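Written below as structure tokens is the structure these notes are about.
Just so you know, all these numbers are worked out from the coordinates, no wet-lab data involved. Everything quoted here is computed from the prediction, not taken from an experiment. Methodologically, a virtual Cβ is constructed for each residue, glycine included, from the backbone with ideal geometry; neighbour enumeration extends over all protein chains shown.
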Amino acid sequence: MARGEAIKIVLDGLGIDARRFAIEWVSSAEAPRFAEVVTRFTEKIKMLGPNLICSQRALSR
């Protein structure tokens with residue numbers, strides 16, 4: 001099993017949507033690609049909305 005898949009299993013077990021995790025290898029010479037990867041992941045997280053685990057913890061304080 002790849003490390004990324006193991007992390008997704010752990011996240012699911014903790015109640016965190018595994019779509020909030022990603023690994024993508026980008027060389028330091030690939031600045032435009034890095035910006036695209038970060039922008040795409042940021043948009044994905046925004047579409048998923050707030051992390052319910054964090055919201056629940058904030059309410060319990």
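For helix 31-48, report the angle its Cα long axis makes with the longest principal axis of the Cα atoms of the chain; keep it between 0 and 90° and round to the nearest 10°.
The answer is roughly 20 degrees.
May I ask for the net charge around Gly49, where only other residues with Cβ less than 13 Å from the Cβ of Gly49 are counted and Lys, Arg are +1 while Asp, Glu are -1?
The answer is +2.
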